[in-house]
Amino acid sequence: MRILVFEPLKEPYVKDIEDDIQAMQEVVGGSIEPIYFEQTNDALCWCNDEFLLNGSKPNRIVGNTLVHGTFYISGNCLNEYGEWDSCSLTDDQIKKYSEMFETPIIVLEQMQATEIEVENTPDEEMADGPADKPEPEIAM
């Protein structure tokens with residue numbers, strides 16, 4: 001089965017895998033879960049169903065889901081029993097989804113704040129009001 005693999009911060013690539021659960025799980029690194037993102041239902045996104053629990057890095061937004069870790073897209077077609085099943089992507093689908101999910105999510109690491117001593121500047125001193133000048137009187 002020909003699929004399109006998306007790893008965090010990498011370009012998507014085509015990969016051929018066996019059409020069985022072990023090969024599918026190997027791509028995502030664990031139990032798989034589908035994300036239905038295509039209105040025509042002719043493709044599915046497959047991700048690790050524990051991606052929020054296993055510390056995976058954010059990857060791409062698929063449908064309304066921010067997917068973490070490696071995922072792939074396969075075709076979705078009716079098999080000989082009339083049931084929906086994974087199948088190879090067409091060349092057109094590979095082009096379409098490569099472009100659709102071209103941009104990975106980039107997360108900037110949070111910088112740790114450090115304590116810095118800063119002397120008062122003239123502007124900050126003025127904000128408190130000059131200490132040596134009396135308050136002006138207001139006549140009515």
Assuming Asp85 fulfils every condition listed in (1) part of a strand (DSSP E or B); (2) touching a residue at least 12 places away in the same chain (Cβ under 8 Å) apart from one, which condition is it?
(2)
Output the residue which, of all residues in segment 78-102 that are closer than 30 Å to Gly55 by Cβ and among the aliphatic types (A, V, I, L, M), is least open to solvent (accessible area, probe 1.4 Å).
Leu89
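Within segment 18-37, work out how many residues are of a type outside the set (S, T, N, Q) and without any contact (Cβ under 8 Å) to a residue 24 or more places away in the chain.
Taking segment 18-37 as the starting set, the residues that turn out to be of a type outside the set (S, T, N, Q) are 18-21, 23-24, 26-30, 32-37.
From what's left, without any contact (Cβ under 8 Å) to a residue 24 or more places away in the chain: 18, 20-21, 23, 26, 32-34.
Within segment 18-37, residues that are of a type outside the set (S, T, N, Q) and without any contact (Cβ under 8 Å) to a residue 24 or more places away in the chain number 8.
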Among the residues of segment 2-52, count how many are within 16 Å of Pro104 (Cβ to Cβ) and in contact with a Leu (Cβ under 7 Å, 6 or more places away or on another chain).
2
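What strands (runs of 3 or more DSSP E), lying completely within segment 1-77, carry at least 1 residues that are open to solvent by 60 Å² or more (accessible area, probe 1.4 Å)? Working first, answer last.
Working: elements: 2-6, 13-16, 32-35, 43-48, 58-62, 65-68.
Where strands (runs of 3 or more DSSP E) fall fully within segment 1-77 and carry at least 1 residues being open to solvent by 60 Å² or more (accessible area, probe 1.4 Å), they are 2-6, 13-16, 32-35, 58-62, 65-68.
The values are calculated or read from the model by the stated rules, or taken from the named source; none is laboratory data. Nothing here was measured: the structure is a model prediction, and the numbers come from that model. Ideal geometry is used to build each Cβ from the backbone, glycine not excepted, and the neighbour counts take in all protein chains shown. These area figures cover heavy atoms from the full protein model, side chains too; ligands, DNA and RNA do not enter into them. Shrake-Rupley method; radii C 1.70, N 1.55, O 1.52, S 1.80 Å.
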